[in-house]
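Undergrad: Sharing a structure with you now.
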Amino acid sequence: MSKSLKRVRAALDAAGITTEIREVGSSRTAQEAADSVGCALDQIAKSIIFRAETSGEAVLFLTAGGNRVCAERASALAGEPLGKADAELIRAQTGFAIGGVSPVGHLSPIRAWIDPRLLEFPVIWAAAGTPRHLFAMDAHLLPGLTGAVPADFTEAAAEAEAEPEAKM
């Protein structure tokens with residue numbers, strides 16, 4: 001078991017969340033993840049990391065699989081301009097590689113916001129620290145577990161076709 005996967009398992013155990021961490025084929029996109037576990041696209045919690053340009057820190061936006069982060073809305077919430085986070089920053093602050101960033105088990109605290117669309121489901125699925133592992137949990141526990149604040153920072157995927165967003 002990888003160190004990343006162990007950290008996610010430890011964070012879930014510490015929170016009293018009993019769930020199976022499922023190894024799947026590729027889950028690098030939200031659609032692949034949804035297909036692999038048999039859930040709706042919006043039940044996938046994408047962990048989107050940006051670099052806060054003033055502070056230099058990583059910030060996390062947890063969004064439903066079919067939604068995209070609106071850069072203007074996200075920057076307004078963060079209180080500073082946001083840019084692309086590189087793999088080094090993501091790994092240094094979260095301990096995860098791009099494609100497997102979990103909402104829990106980060107190496108360092110991270111400011112986070114959550115898409116209210118995720119809270120419409122009783123169960124959501126999220127990356128478990130690797131691009132091949134996912135776990136399910138009660139969506140309503142996610143804000144308390146991550147410190148993520150519910151906020152409107154998304155645009156529907158159809159509105160953002162011109163600018164694709166990678167799942168992290």
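The values are calculated or read from the model by the stated rules, or taken from the named source; none is laboratory data. Not measured: the values here are computed from a predicted model. Please note: Cβ atoms are built from the backbone with ideal geometry, for glycine as well, and neighbour counts cover all protein chains shown. Calculation scope for accessible area: heavy atoms of the full protein, side chains included, ligands and nucleic acids excluded. Shrake-Rupley method; radii C 1.70, N 1.55, O 1.52, S 1.80 Å.
Undergrad: Counting heavy atoms of the protein chains only and a 1.4 Å probe, report the per residue accessible area for the range 25-168 as a whole number of Å².
TA: Result: 42 Å² per residue.
Undergrad: At 7 Å along Cα-to-Cβ for each site, give me the label-to-label distance between A151 and S2 in nm.
TA: 2.9 nm
Undergrad: Write down the Å³ per residue value for the convex hull defined by the alpha carbon atoms of the range 11-85.
TA: 120 Å³
Undergrad: Follow-up. Taking the chain as a Gaussian network, where each spring joins two C-alpha atoms under 10 Å apart, which residue of G56, G66, G16 fluctuates the most?
TA: Looking only at G56, G66, G16, the biggest GNM fluctuation is shown by G16.
Undergrad: Further question: Just to be sure I understand: with springs between alpha-carbon atoms less than 10 Å apart, which residue in D42, D115, D13 has the highest mean-square fluctuation in the Gaussian network model of the chain?
TA: D13
Undergrad: Place a +1 charge on the Cβ of each Lys and Arg in the chain and a -1 charge on the Cβ of each Asp and Glu, then give the dipole magnitude about the Cα centre in debye, rounded to the nearest 20. Spell out each step's value before the answer.
TA: Numbers: 16 positive and 21 negative charges, 146 e Å.
With Lys and Arg at +1 and Asp and Glu at -1, about 700 debye.
Undergrad: If you take the C-alpha gyration tensor of the range 43-129, multiply each eigenvalue by 5 and take the square root, what semi-axes do you get, largest first, in whole Å?
TA: Details: eigenvalues 79, 54, 19 Å².
Semi-axes (√(5λ), whole Å): 20, 16, 10.
Undergrad: From zero outward in steps of 5 Å, how is the percent of C-alpha pairs of the range 76-122 spread across the bins?
TA: Going from the shortest bin to the longest, the percentages are 5, 17, 22, 24, 21, 9, 2.
Undergrad: Got a number for carbon plus sulfur as a percent of the range 32-104's accessible area, 1.4 Å probe? Each step should come with its number before you reach the end.
TA: On the way: 1310 of 2730 Å².
Ligands and nucleic acids excluded, carbon and sulfur give 48 percent.
Undergrad: Then there is this: Given Cα positions, please report Rg to Rh for the chain, the hydrodynamic radius being the Kirkwood one. It would help to have the intermediate numbers written out before the result.
TA: Values: Rg = 14.4 Å, Rh = 15.5 Å.
Rg/Rh: 0.93.
Undergrad: Net charge around A128, counting only other residues with Cβ within less than 12 Å of its Cβ (Lys, Arg = +1; Asp, Glu = -1)? It would help to have the intermediate numbers written out before the result.
TA: Details: positive: K6, R7, R9, R22, R132; negative: E20, E23.
Around A128, the charge tally is +3.
Undergrad: So, one more: Rounded to the nearest 500, what is the 222 nm mean residue ellipticity of the chain from helices alone, with -39500 (n - 2.57) per DSSP H run of 4+ residues and division by all residues?
TA: Values: 5 runs with 41 residues, N = 168.
Mean residue ellipticity at 222 nm (helix-derived): -6500 deg cm²/dmol.
Undergrad: 5 Å is the cut-off here: which amide hydrogens, built 1.01 Å from N in the peptide plane, fall below it relative to H133, excluding neighbours closer than 5 in sequence?
TA: V24, A128
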